[in-house]
Each structure stands twice: as C-alpha cells, then as structure tokens.
Amino acid sequence: MIDIQVTNLTIEFEVGRKILDGLTFQVDQGERVGLLGRNGAGKTTLFKLLTGELRPDDGEARTASGKGVGLISQIPTYPAGYTVEDVLNTAFDHLRTMEAEMTRLAENMANATKSDLQRYDALTAAFERQGGYETEISLNKVCNGLDIPPAMRGQLFTELSGGEKTRVNLARLLLRDTEILLLDEPTNHLDLHATEWLEDYLSHYKGTVLTISHDRWFLDKVVNRCVEIKNGKAEFYSGNYSFYVEEKERRFQEQLKQYEKEQAKVAQLEEAAARLRLWAFLGNDALYKRAFSMEKRMEKMQTVDKPTKERKLTMGFESKEFRGDEVLTVKDLAMAFDERTLFENVNLEVAGGERIALLGDNGTGKSTFVKILLGELSPTGGKLRFGPTVKVGYLPQLVTFDHPERNLVDTLLWDLNCTPQEARDRLAAFNFRGEDVFKEVSTLSGGEKSRLKLCELMSQKINLLILDEPTNHLDVDSRDWIEEAVRAYGGNLLFVSHDRYFINEFAQRVWMLENKQITDFKGTYQEYLEYLERQKAFAKGAVPPPPKEEPKKEKPKRPGGTKELEKQVAAAERAVAKAEERQYELTLRAEEVADNYLELQKVYEEQHELEEEIAHLYTEWEKLAAELEEMKT
C-alpha cells in the first residue's frame, strides 16, 4: 500500500526558478526513507506540500487517506498558560474523547440499547488497543528518552527555547497515534543519548517514516532507502546513507566514463569530417554531403552531459610551528552557577598533535568548558595553562561577524589586512566566486558563514583549533567542506559535537562530561563505544568472551600448481604480443587507406576495439604474474 505519493510535482517561487520540477516518487507502507539534497533543493517545501500548507503549481503530493500524519518541522500554537505537560497531553486528545463517550455510555447502561452496548464494546477495544490505559507509562517513557525532565514538564511552553520546543513537539508526535511521520531534522536539538533513543524508537515503529536529515549516522541507522532531490527531480538509492555515498560516486564515474567515450568518438568524427571537407575543397563536391551528414550524426551523439561535483577545498591551514609537548594543562578546574555545579576537580593534560572530542548531554557544561578555555568565562575553582607557543583558533556553533553589513571581500580586507586580489583568491578557494563575493555577510546561510569563518581561520597561523558543534544545522555539502578543512589541518583539535559521523572521523581521544566529572578515554570513538559495551556487560555480571583469533589465511591453491600457472602466464604474454602486432598492422593499414574514408573508418573502429582488448589482456597478465610470484614466495 502506498502511504506517500508524489506525482509530477512542480512549484516555482520566482519566475524562471523552479524549486521542484516534475518531482515523482512514492513511499510504501512501513518504509523508512531519507530525503536528501542541498539546502534550497526543496525538501522542506515538499513537506509543506504534503501537509497542505502550500499548493503546487502543478502535480500532486498526498498521503494515504484516513492515516494520521505527524510533522516535526511545525510547532503548533497552544492556548495561553499551557504547560509542557498540557502540550504533551494533547497527543491523547482522541483517547480523552473516546473515554468521555465510554463514561457517558456506562452511566446510561441501565437504559442502554443493543447498539449502545455494541458501541461501548467497540470503544473499549479501540481504547485498549491504542494504549488508553497506558498513557502515563508512554508519556514518562518518551520524556525520559528525549530528556524532558519533570521540572521542564511544569514550565510554560512559551518560556522554552526554540530547541526545547522542538524536542517537546517531537515527543508529542511520538505519543500521538500517527501512522506516517514526516521528520525535518529531528536530531538537531537532541544530545547523543536522546538521538540514540529516537533511533531505537524508530527501529520498532510500525508506521512509515520520511525524514530530512543531515545526520549521516542517524540516516545509516534509520533509513533503508534514500531519495535525493536534484535539479527539482528525484534520484533513487536503494540503501542507507553509506550506500548512497558509494552508489553516487559509482554513478558519477560511470557517467564520466560514458561522457569521455562519447567525446572521444565525436573528436574522431570531427577529424574525419574535417578531412572530408578538405578533400571536397580539392574538387570532390560529393564529399561535402558526407561531411554534413557526419556533423549531423555528431550532434545526435552528444547525449551524455558532463557530470560535475562540488568544488573541493583548495587551500589549507597555515599552521603555527609548535614547540614542546605541553599544549594544555588543567588542574582541579571547577565551574558553578549560583548553586548548580557543572563540573569540579577536572584534571587533564593535552600533548602535541592530539584530536579530542568533548562529549556529554545537553546542559552538562561543554560549551561553558570551551568558554573557560577561550578566556570568556572565569572558573570558580582550579586553573588552566596553555603552552607558551600555543595559538588558538575558534569556530563557534553560531558564527557571527562584527560587521555583517560588509560584503565578503571587504570582510577579509578588514579582518586579514590583505590585498583585494588576495581576498578574492582566498574566497575562490572556498567556492565563493563571481558576484557571490559582493554579497553582504548578513545574507549568508549558516553553512556559508561557517565557510567564511574557516577561510579567515585558515589564513591565521594556529596550532590549536577549537570547534563548538561545527556541523550543526549544515547541509551535507557544507559538512563535507568543514571535514575537508579539518582533515587538512595538522595541529591540535578539540571539538564539541553530537555528530557521530564527525566524531568517529576525527576523535583520537574522548572527554565525556557527565556527573560533574570529565572521563578521559584515550582512544577512538568506536573504541570508546566498545568500552561502554564492556562496562555494561561487567555491570550485569557477564564475562566478555576472549577476543577471537583471526584464522590464518592460506594461500589460494590453483589446480595444476605452479607449472600450470606458468603456462597461463606465458599464454597471456603471447596473447598480448599478438594483439600488439595486430595493432601495428592496423597502423600501417590506416596509412594505406588514408584516401578511402569508409575503409579508414573500419580501421579506426577495429583499432578502438583492439585497444580495449589489449587493456583487458594486460590486466589479466598482471593478475596471473602476481599470483605466480606469490606462489613462489
């Protein structure tokens, strides 16, 4: 059964600029689909079309009739005075209505008709089936999972931050009896524990999920199919995000190969057409028609567009030379606000070259710890000391500029004291080109502002880079830019992040801030997760099994042994030699028939086929020769 149907969907906000242009796809019942695409591709617009908030210029977007749809991107308006508890309980409005009717029927049971009794039985069964007797249990379970503590549940909903409202709204949707979930960046305001809880919840959810997300780890865990919106149309990938990345690259290489093959054929025909025109100029008018026909054939042949990729980063950090092993020393550090202690007795040592992830739930004090390192806050206890040659660069979660009214070129001129040409060159290296460099900074997206700030940071000689949620709210392309820049950076790195893909890529050491302490784990994020699993096993009294020894790989045995393989190598060498001899003969043949276009074309085609055959023969010969060498050693 189809739960979401999108057919030839077209919408245009500006004349001549179609956001969606004939978008067509469907999502079947129970599927979990990731909706991908660059910022501005039309993903959120599609959600608004599905919920009726927008109307398309053409086509149709609909969900299965009679099924409840929950949309996380919209935060409804509630009556004044509604607490978080009141908002959460609106998820059970349909159950309260059923309960009220059941109560009315029960009170009139003495005078009940047969239809009244049947209605009461039907309501009772539906009420139980939909969890009417377990609403409090469900409410507590979801609130615990999404970190909505009792104190927050008593607060007025209007007093919450945007992130807290989003989290409460997500909880409300999960508590509703919805059969189709439309999730727009559901993990943006969740910490690691809440995100993991949501992933587990969705793994047991029996309904249909269509999610927009830039959290690549989340997509890998949750979705089993991806739909990418590109140039207003849908491209399909039958797997999770990791499959999408590999398949997208494979398709790119395949299209590039087809394009290059087609262009080589066109070049060959152009050369032949030029030769025909030359012969026609010398007196053979009939060849003009052949040349014209060949040119028409070339026009029809050029059907494969040249594939393109996002421009890559073309500059790196100008790292300051680091002397000595001491980068940072933290002794008995403590921080408290009023009567609330965030952390205390923190002792840490950081040596040169380390890459550290600072993790922890929301509100534990990660950003506060970073602000203390940057000198923006003073600790309530303890001290810290940087090495004498340490120079810090900082990329905040929300990037701001002192003069957002300036354009990009002027921003670099003032901040970096460089020449206009140097500013243009640096901006071009970060894919700010053409008229884009004259945009006001205030008009840039979050990803573009992060890219501009990185452009400035890379021009400063730093050896300790501190990042606070560097990938939050960024699309996949912008995250790739950040990661490419960090990958090219050779100094010390300390970052706060909930992006497990980013953490897994860069963390070589983990600081976990919880229970007012920082647990220092010297290892990768994957090793840290394995360590936590072992700790859980120990807590349950289980003894972990000894590590499995990898069986020794035996060298593959080939029928006939070394002698047979030597024969095959020799045969492959003879085949290569024979093909090369034929190639030389065709070269001589081409010279002989240079004045005969038809014969010359046959020779060219045979040469092309022979080149592919020789490449295959060389590959086979090298493979056999390598196997022979391995068997002899």
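The values are calculated or read from the model by the stated rules, or taken from the named source; none is laboratory data. Just so we're clear, the structure is a prediction, and the values are computed from it rather than from any experiment. Cβ coordinates were reconstructed from backbone atoms using ideal geometry, including for glycine residues, and neighbour counts include every protein chain displayed. In case anyone asks, the SASA skips ligands and DNA or RNA and just uses the protein heavy atoms, side chains included. Shrake-Rupley method; radii C 1.70, N 1.55, O 1.52, S 1.80 Å.
Numbers for the structure displayed
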item: Qualifying residue in the stretch 317-325 (condition: touching a Phe, Trp or Tyr at 6+ places or on another chain (Cβ under 8 Å), modelled with pLDDT of 85 or more and among the small types (Gly, Ala, Ser)); result: no
item: Which listed residue, of Ala64, Ala80, is open to solvent by 50 Å² or more (accessible area, probe 1.4 Å), over 20 Å from Leu139 (Cα atoms) and among the hydrophobic types (A, V, I, L, M, F, W, C); result: Ala80
item: Scope the stretch 470-486; condition part of a helix (DSSP H, G or I) and either in contact with a Leu (Cβ under 9 Å, 6 or more places away or on another chain) or acidic (Asp, Glu) (or both); matching residues; result: Val476, Asp477, Asp480, Trp481, Ile482, Glu483, Glu484, Ala485, Val486
item: Among residues of the stretch 52-61, those that are of a type in the set (Gly, Ala, Ser) and open to solvent by 50 Å² or more (accessible area, probe 1.4 Å), counted; result: 1
item: Search result, residues across the stretch 223-269 that are closer than 26 Å to Thr7 by Cα and aromatic (Phe, Trp, Tyr); result: Phe236, Tyr237, Tyr241, Phe243, Tyr244
item: Hey, Leu494 among the hydrophobic types (A, V, I, L, M, F, W, C), part of a loop (DSSP other than H, G, I, E, B), in contact (Cβ under 8 Å) with a residue 60 or more places away in the chain and crowded, with 18+ Cβ neighbours inside 10 Å or not; result: no
item: Pairs with Cβ under 7 Å, 6+ apart, first in the stretch 103-132 and without any contact (Cβ under 8 Å) to a residue 60 or more places away in the chain, second open to solvent by 70 Å² or more (accessible area, probe 1.4 Å); result: Leu105/Arg119; Phe127/Glu99; Gln130/Asp177; Gly132/Glu99
item: Residue satisfying all of: in the stretch 438-466; β-branched (Val, Ile, Thr) and touching a residue at least 60 places away in the same chain (Cβ under 8 Å); farthest from Asp191 (Cα to Cα) among these; result: Ile462
item: Of all residues in the stretch 189-204 being touching a Leu at 6+ places or on another chain (Cβ under 8 Å) and open to solvent by 30 Å² or more (accessible area, probe 1.4 Å), the one that is nearest to Gln26 (Cα to Cα); result: Tyr201
item: Given (1) modelled with pLDDT under 90; (2) surrounded by fewer than 16 Cβ atoms within 10 Å (Cβ to Cβ), number of the condition Phe236 does not satisfy; result: (1)
item: Residues of the stretch 403-437 that turn out to be in contact (Cβ under 8 Å) with a residue 40 or more places away in the chain and acidic (Asp, Glu), as a count; result: 1
item: Filter pass, Glu448 being surrounded by fewer than 16 Cβ atoms within 10 Å (Cβ to Cβ) and at pLDDT 80 or above; result: no
item: Filter result for Leu513 (among the aliphatic types (A, V, I, L, M) and either open to solvent by 10 Å² or more (accessible area, probe 1.4 Å) or not in a loop (DSSP other than H, G, I, E, B) (or both)); result: yes
item: Test for Glu469: is it at positive phi and either among the acidic types (Asp, Glu) or touching a residue at least 24 places away in the same chain (Cβ under 8 Å) (or both); result: yes
item: Single condition Thr113 does not satisfy, out of (1) open to solvent by 20 Å² or more (accessible area, probe 1.4 Å); (2) among the β-branched types (Val, Ile, Thr); (3) under 17 Å from Thr208 (Cβ atoms); result: (3)
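So that you can scan it fast, the table gives a plain yes or no per residue for (1) at pLDDT below 75; (2) charged (D, E, K, R); (3) surrounded by 15 or more Cβ atoms within 10 Å (Cβ to Cβ):
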site: Ala577; (1), (2), (3): yes, no, no
site: Glu591; (1), (2), (3): yes, yes, no
site: Asp595; (1), (2), (3): yes, yes, no
site: His616; (1), (2), (3): no, no, no
site: Glu627; (1), (2), (3): no, yes, yes
